[in-house]
Amino acid sequence: MTEHRPRLPIVMVGHVDHGKSSLIGRLLHDTGSLQDGKLAELQAASDKRGMPLEWSFALDALQAERDQAVTIDSTQVRFAGASRDYVVVDAPGHREFVRNMLTGASQAAAAVLVVAADEGVADQTKRHASLLPLIGLTQVIIAVTKMDLVGFDEARYAAIATETTQLLTRFGLTARRAIPISVRTGQGISRSFAGPAWYRGPTLLEALDELGEPLSLIDEPARLPIQLVQRIDDKRILCGRVAAGRFRAGDEVMFSPSNKTARIAALAAWPEANTPEEAVVGDSIGVILDQPLFIERGELMSRTAEALPKLTAIFAGRLVWFSPSPLTEGQQVNLRIGTTETSATVSRIKRLIGATGDDAAMPVSVVNGDIAEVVLRATKLIAADDYLTSRPTGRFVLFEHGAATAAGTISMADYPDQRPSLTVKATNVQAVKHGVSDEMRAARHGHKGSVIWLTGLSGSGKSTIAMEAEAALFANGFEVFVLDGDNLRAGLTANLGFTPDDRSENIRRVGEVAALFASAGMIVITSLISPYREDRQRARTAAERLGCSFHEVYVDADLSTCEQRDPKGLYKRARTGEIANFTGVSAPYEPPESPSLILNSGRQSATESVASLVDYVRDAARLTKTP
């Protein structure tokens, strides 16, 4: 009986012509993994082209690859190490084939970054290094190939090893080993061919055997994207493939983004005799719930006992773009996360990640092969995981006409979870009708209640404008009051910090209070940064739910102007890292898309801004004035 051996998938990456395919071919030969007669076939193919034995021909199955001596598609082969087997993916090095490289590398648990000793670190060396963390690869071995072409020069090896190690460090990666190799002579590859005399480290095969096992997805929070819903007899069966973790009958589960909960009554498989007691990562399974919830394809099932995915319409993503047409800000794209598909907008291109790890200044577009950090806004709430929390559901794909145009990872570090705002915990609650009508209050005050919501960066002048406008309106007979962010944080929201989730809850509370003020017939002016569009929309909904008008006012001053003012010294502290999650510096701000009024406080005086706001409120109040 054949002994079962563990298997580790690895990927060979690096610049074109640096010897990736040749190295794999030699590995196959030195481990006895070439098919009988294959060596003679390689020799004949090389002789036909008038070249020395070309080990890469062991992999390059496409005739175009042999003719051009480049790898076009990803190739997978197996060979045996001392303690386990390896599935190695040869990823293409040309920039034009970055999609194929990414597809191949996504299946691996470790990488060998190949750098030729004669050429050193090249463009695609840097590009491939930058792609590795994008697909979650952290175990990297550097193979310095073609050492025979530089006379096995130790200084040349040391320089390349140092430069490549520093390159990986810039992308948050650590090189496990840097090994000098000659495919021609076989040195540095297997135990039978040690490296040059000055090298005291392991061969490539020995270094591969040193690698640790990849983190198991079974230990991550349970996730099952719903792919299909079937009705069999009177049963409604939710079908999908477990992406992470495990599920058992009796588990309480949450469905996102619908925010519905139930318990798993039973698991289902076909034939029924194959139904497991527990469904684990990789299992295709059916789920029967203990209640008839309406669940559709695209929902994400998770266990309530573990970390839940976040609900959001916006997230930051690091992506690689592989479409011939450029990606631009404001562009409409099709977004897929798991089985969820929706349209989205490129809200912002934050930066291009250069081959050296440096940022491109003010990028206007992303072209084929570029790696970029972007902000995507979906047209509806979606379930998303931070890639660091759940790898399978922390990835996304952009596509057009069924073909992928980008692949990337999700970061939710700067954006709040919208789930708490959708979760209603209060029960047995019944609204009580007021004895004083809105019309009676309007008749008393001479105007209806409204929410005037001032939003803008810290230092834009919101508080100054709000307080002076309050005094002017009060002097003109308006019932008016200002809800200022700093004042509220001394009481109503004193228990909240400045994380994205706390900011969201802060705005939720203020929005509800503002709606109550307006419902009482007052003009309530709020002065808060309120950086997220979803939260401001929720405040609008709270006001309109009570029959009050809501007016979003953008106090517009750019970051440099606000930072020059810095009335509270907050920007200075944020720049030194003393204040985390500071809007405009280390946390995002989303300007209103269609504000009711824009006050250009960066270009006009506070007096002019106050006059504009007072005139606007007077006009709005006049429209709703009661006879």
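Computed from the coordinates by the stated procedures, all read-outs in this text should not be read as laboratory data. Just so we're clear, the structure is a prediction, and the values are computed from it rather than from any experiment. Cβ placement follows ideal geometry from the backbone for every residue including glycine, while neighbour counts extend to all protein chains displayed.
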Q) Give or take rounding to whole Å, what are the principal axis extents of the alpha carbon atoms in the chain, in descending order? A) 101, 65, 40
Q) For the chain, what is the calculated [θ] at 222 nm in deg cm²/dmol (nearest 500), taking -39500 (n - 2.57) for each run of four or more DSSP H residues and dividing by its residue count? A) -7500 deg cm²/dmol
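Can you give the FRET efficiency for Thr185 and Phe399, using 1/(1 + (r/R0)^6), R0 = 56 Å, r = Cβ-Cβ distance, to the nearest 0.05?
Working: r = 46 Å, r/R0 = 0.82.
E between Thr185 and Phe399, to the nearest 0.05, is 0.75.
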Q.
Among the listed pairs Lys425/Lys462; Lys126/Lys350; Lys310/Lys568; Lys235/Lys260; Lys126/Lys310, which have their C-alpha atoms separated by more than 23 angstrom in this model?
A. Lys425/Lys462; Lys310/Lys568; Lys126/Lys310
Q) What residues from the stretch 601-621 fall in the zone where the backbone N is under 12 Å from a label point 7 Å along the Cα-to-C-beta line of Phe474? A) none
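Please compute the length gained on full extension between Ile232 and Gln604, using 0.36 nm multiplied by the number of residues separating them and subtracting their Cα-Cα distance.
Here the segment from Ile232 to Gln604 would lengthen by 127.1 nm.
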Q.
Give the separation of the Cα centroids, the stretch 394-446 to the stretch 153-205, in Å.
A. 54 Å
Q | All-pairs Cα distance distribution in the stretch 429-557, expressed in whole percent, bin size 10 Å | A | 13, 43, 34, 10, 1
(Q) Using the basic label-point model (7 angstrom from Cα toward the beta carbon), what is the Phe498 to Ser365 distance in nanometres? (A) 3.8 nm
Q: Mind listing the long-range amide H neighbours of Thr340? Cut-off is under 5 Å, sequence gap 5 or more, other chains count too, H placed in the peptide plane at 1.01 Å from N.
A: none
Q: Express the relative contact order of the chain as a whole percentage, based on alpha carbon pairs under 8 Å and six or more residues apart in sequence.
A: 9 percent
Q.
I'd like to know which of Ser463, Pro416, Val480 lies farthest towards the positive end of the charge dipole of the chain, counting +1 on Cβ of Lys and Arg and -1 on Cβ of Asp and Glu.
A. Val480
Q. In degrees, nearest 10, range 0 to 90: what is the angle between the Cα axis of helix 20-30 and the longest Cα principal axis of the chain?
A. 50 degrees
Q. About its Cα centre, what dipole magnitude does the chain give when the only charges are +1 on Lys and Arg Cβ and -1 on Asp and Glu Cβ, stated in debye to the nearest 20?
A. 1040 debye
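If you count, for each residue, the other Cβ atoms within 10 Å and average over each peptide, how do 435-444, 384-393 line up from highest to lowest?
384-393, 435-444
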(Q) Taking 2.2 N^0.38 Å as the expected size of a compact globular protein, what ratio does the Cα radius of gyration of the stretch 499-608 give against it, to two decimals? (A) 1.16
Q.
Projecting each Cα onto the charge dipole of the chain (Lys/Arg +1, Asp/Glu -1 at the beta carbon, about the Cα centre), which of Val183, Ile529, Gly282 comes out farthest on the positive side?
A. Ile529
Q. So, by mean Cβ neighbours within 10 angstrom, what's the order for 22-32, 329-339 with the highest one leading?
A. 22-32, 329-339
Q) In what order do Lys380, Lys310, Lys350 fall by count of nearby beta-carbon atoms within 10 Å, going from fewest to most? A) Lys380, Lys350, Lys310
**Q.** Computed lengthening from Thr379 to Asp558, 0.36 nm per intervening residue step minus Cα-Cα distance
**A.** 61.7 nm
Q: Compute the length gained on full extension between Ala305 and Ser596: take 0.36 nm times their separation in residues and subtract their Cα-Cα distance, giving the result in nm to one decimal.
A: 100.4 nm
Q: Would you please put 311-319, 599-607 in order of how densely packed they are, using the mean number of other Cβ atoms within 10 angstrom per residue and starting with the highest?
A: 311-319, 599-607
Q: Set the Förster distance to 41 Å, then compute FRET efficiency between Thr165 and Thr576 from the Cβ-Cβ distance, nearest 0.05.
A: 0.85
Q | Listed residues Thr138, Ala122, Ile237: farthest to the positive end of the dipole of the chain (Cβ charges) | A | Ile237
Q) Which number comes out as Rg/Rh for the stretch 317-412 once both Rg and the Kirkwood Rh are worked out on C-alpha atoms? A) 0.94
Q | Sequence of Asp556, Asp417, Asp619 once ranked by neighbouring C-beta atoms within 10 Å, starting from the fewest | A | Asp619, Asp417, Asp556
Q. Val585: net charge of surrounding residues, Cβ under 9 Å, Lys/Arg +1, Asp/Glu -1, itself excluded?
A. 0
Q: Rank these for me by crowding, Tyr589, Tyr199, going from fewest to most other beta carbons within 10 Å.
A: Tyr589, Tyr199
Q | With Cα atoms, 0 to 90° folded angle of helix 38-48 axis to the chain main axis | A | 90 degrees
